Amino acid sequence: MVFQVRLALLNAERRLEDSQCLPLSELQQWLQLSYEIETKYFDAKREATEKQLRAAKEMVRFHR
């Protein structure tokens, strides 16, 4: 899914660079999908990092 979105965005970018009109609604849909995917990825990474931080704090507290 991520690959398809990136490919579509690259194609849209090329079309814009080649001065071909790209319907704004089409571009907006791809950008929205890209944003949603990146947000899910960021949230998952943040959650994993926070879990790791909690575990590290617990280890420090346990070893005092």
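Side notes on the structure shown:
- Against the chain, whose longest principal axis is taken from its Cα atoms, helix 2-17 shows a tilt of about 40°.
- Listing Leu16, Leu9 from fewest to most neighbouring C-beta atoms within 10 Å gives Leu16, Leu9.
- The orientation-averaged shadow of the Cα convex hull for the chain, equal to a quarter of the hull surface, comes to 5.5 nm².
- Among Ser25, Ser34, the ranking by other beta carbons within 10 Å of each residue's beta carbon, starting with the fewest, stands as Ser25, Ser34.
- Spin-label model distance (nm) - Arg61 vs Arg6, 7 Å beyond Cα toward Cβ: 3.9 nm
- Taken along the Cα-to-beta-carbon direction at a fixed 7 Å, the label points for Leu53 and Leu27 span 3.7 nm.
- Partners of Lys51 within straight-line reach, counting aspartates and glutamates whose Cα lies under 16 Å from its Cα and excluding those fewer than 8 residues away in the same chain: Asp43.
Values quoted throughout were computed directly from the atomic coordinates according to the rules given, and no laboratory measurement underlies them. Just so it is clear, the model here is predicted, and its values are computed rather than measured. Quick reminder, even Gly has a Cβ in these numbers, built from the backbone with ideal geometry, and neighbours come from all protein chains shown.
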